[in-house]
Structure formats: structure tokens, C-alpha cells
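The values are calculated or read from the model by the stated rules, or taken from the named source; none is laboratory data. Not measured: the values here are computed from a predicted model. Cβ: placed from backbone, ideal geometry, glycine included. Neighbour counts: every protein chain shown.
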Amino acid sequence: MFRKFQVTEIIDRTTNVRSYRFDRPHDFLYLPGQYVIVQVENNGKMIQKAFSLSSSPTEEGSIEFTKKFTGHEFSDALKAREVGDELGLDGPYGSFILNEQEKKIVMLAGGIGVTPFRSMIKYSMDRDLDNNIVLICSNKTEEDIIFFNEFKSMMRSSRLSVVLTCTRPSDQWKGICGRIDRTIIKKEVPDFLQRLFYICGPPPMVQSMRELLEEMEIPKERILFEDFFGY
Ligand SMILES: Cc1cc2nc3c(=O)[nH]c(=O)nc-3n(C[C@H](O)[C@H](O)[C@H](O)COP(=O)(O)OP(=O)(O)OC[C@H]3O[C@@H](n4cnc5c(N)ncnc54)[C@H](O)[C@@H]3O)c2cc1C
């Protein structure tokens, strides 16, 4: 059932990615990695899409989702919303959640697929969980990197490493280039066979990462994934 939430803050993450924040009601309970259905009105019609919560349950004052704009109907209707406007939110839903018992984790993000990982990582750091997380994010360019400063401040903990790769970097980019592949995983995560893998992003990226991990002999049950289908 949709509940009305007033937008309290809008944060530009990149030129085409924005976070929408809302006050968190005391009875809004969720797990890190879960998503909500967001409903927006457009020309008298209600339209809706799924969005992972990029906030962590440890952030008690607010909840947040983060949208990449596409120029399509829902996207444009949302983009027209301002602080003070109301949106319908239904949820939380989903089982793509942080396993708090797992000691060694790898998260593979394709672009906007980083949103549930921001939630899980913030939760892990705030709760001081006994785990070690390697986040590998693939983006088109360095301008497309989402939550860079947030991850940078969380990387003060030795429990978190963030690896960034760009598929279409500028000449200034000094980091890793290309899609996430076997070489990057083996180099950045030498103990990859002992780890639980999470994958999130557009369906083709998720599919190719699943195939790659299976080829690398990661057992199927150690590969968890969320498809941003429709994206
Ligand atoms: C569990 C879950 C969590 C998600 N979390 C996020 C999140 O955190 N952030 C986020 O931005 N998105 C997220 N998504 C995806 C989100 O729900 C939307 O699908 C996405 O944002 C695109 O919506 P849109 O309306 O802007 O674009 P759409 O209109 O859905 O278009 C998306 C793509 O489909 C193509 N397309 C659209 N219509 C057609 C057509 N008729 N024929 C061919 N191609 C077409 C477009 O060219 C475009 O590339 C999530 C999805 C799921 C299932």
C-alpha cells in the first residue's frame, strides 16, 4: 500500500543521478539492500517503478532512493518534483540483503547498481560488523561515479576497499579501465574463492558477471544478485 512521503531533500550525485530524501517514520523498518516502489503522478496518471533504498537502516532520521535519469516518462515526472512535493512509497521489499554473518564479501556494481551497496556498506560500518567488503564499481566515465566521497570517507575503515573501473575514461583517468573481468577480480580480491558475491546493475551486466563468477568456480549459492530490470 502506498504511503505519501514529502520530499525533504534532493541531492545531485552526478549530472544525471539524483537522490531523493524523506523523513523516516518510526514504523518504517527495512533491511540494508531492500527496495521500495515509488509512485509519481503524471498528467493525471499514477506511474510507478522500483528503487533500492540507498540509505541505511542505521540512518534513523531519513530514507533515500537514488534515480538515474533516462528521459523517459517516469524519469521526467520525477525530475519535475521539488522539495516539499509528495511521492507515494510502498515497501520495503526484496531479499537482496546484507548477510550479517558473512565475514568476506565482494560487491560488484554496474553504474546505478551501486545503490543497495551504499545501504549495505553504510550499515556494516555503522554497526561495526565483523566483515571485510571489497566493492568493485564499473562506470562509463569518472563523472558517472556515484557516492564517491561517501565511500572515500568510509574507506577509513580497513574493512572496506573500493575499486573503481571506467569503460570510457577521459585521458585524465589514472585508474583501472574496462569492464569488471577475471583479471580485475583476481588482482583485487586474491581470496575471491572464500567470498560471498553480490552483483547489482542492469540485466546484461548482472548476467555477464554471473557467468564470469561461475566460470571462476564460485558456487551458485555464493552468488547473490539483483537485476535492475526495466532499466
Ligand atoms: C529491485 C529494483 C531496484 C531498482 N533500483 C534502482 C535504483 O536504485 N536506481 C535506479 O535508477 N533504478 C533502479 N531500478 C530500475 C528502475 O525501476 C527503472 O526501471 C529505471 O530507473 C528506468 O526507469 P525509467 O522509467 O527512467 O526508464 P524506462 O522507460 O523504464 O526505460 C529504461 C530503458 O528501457 C528502454 N525502453 C523503454 N521502453 C522501451 C520500449 N518500449 N522498447 C525498447 N526499449 C525500451 C529505454 O531506452 C531505457 O534504456 C531498480 C529496479 C529494480 C527491479
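A few comments on the model shown:
- Some residue of segment 71-79 being small (G, A, S), within 13 Å of the ligand (Cβ to nearest atom) and in contact with a Leu (Cβ under 8 Å, 6 or more places away or on another chain): no
- Inter-residue pairs, beta-carbon under 7 Å, first touching a residue at least 60 places away in the same chain (Cβ under 8 Å) and in segment 144-158, second surrounded by 15 or more Cβ atoms within 10 Å (Cβ to Cβ) and assigned to a helix (DSSP H, G or I), 6+ apart: D144/G111; I146/I112; I146/V114; F147/V114; F147/R118
- Selection of segment 193-208 for residues being hydrophobic (A, V, I, L, M, F, W, C) and either within 21 Å of the chain's Cα centre (by Cα) or assigned to a loop (DSSP other than H, G, I, E, B) (or both) yields L196, F197, I199, C200, M205, V206.
- Per-region count, segment 136-167, residues surrounded by 14 or more Cβ atoms within 10 Å (Cβ to Cβ), of a type in the set (D, E, K, R) and outside any loop (DSSP other than H, G, I, E, B): 3
- Restricting D181, D171, D126, D130 to residues that are acidic (D, E) and in contact (Cβ under 8 Å) with a residue 60 or more places away in the chain narrows the list to D126.
- Residue check, E73 in contact (Cβ under 8 Å) with a residue 60 or more places away in the chain and either in contact with a helix residue (DSSP H, G or I) (Cβ under 6 Å, 6 or more places away or on another chain) or over 23 Å from I199 (Cβ atoms) (or both): no
- Residue match in segment 181-194 (condition: at pLDDT below 95 and touching a helix residue (DSSP H, G or I) at 6+ places or on another chain (Cβ under 7 Å)): no
- Every residue from segment 2-46 that is part of a loop (DSSP other than H, G, I, E, B) and either within 15 Å of the ligand (Cβ to nearest atom) or over 23 Å from E60 (Cβ atoms) (or both): T15, N16, Y30, L31, P32, G33, Q34, N43, G44
- Count of residues meeting criterion [among the small types (G, A, S), more than 20 Å from the chain's Cα centre (by Cα) and closer than 21 Å to G201 by Cα] in segment 28-79: 1
- Residue that is nearest to the chain's Cα centre (by Cα) [pool: residues in segment 209-230 that are within 11 Å of the ligand (Cβ to nearest atom) and surrounded by fewer than 17 Cβ atoms within 10 Å (Cβ to Cβ)]: F229
- Listed conditions (1) within 13 Å of the ligand (Cβ to nearest atom); (2) in a strand (DSSP E or B) are all met by V106, apart from (1).
- Screening F74, F65, F69, F117 for residues that are of a type in the set (F, W, Y), modelled with pLDDT of 95 or more and assigned by TED's automatic domain parsing to the domain that holds P202 leaves exactly one candidate, F117.
- Within segment 1-54, restricting attention to residues that are among the polar types (S, T, N, Q) and under 15 Å from R81 (Cβ atoms), the residue that is surrounded by the fewest Cβ atoms within 10 Å (Cβ to Cβ) is N43.
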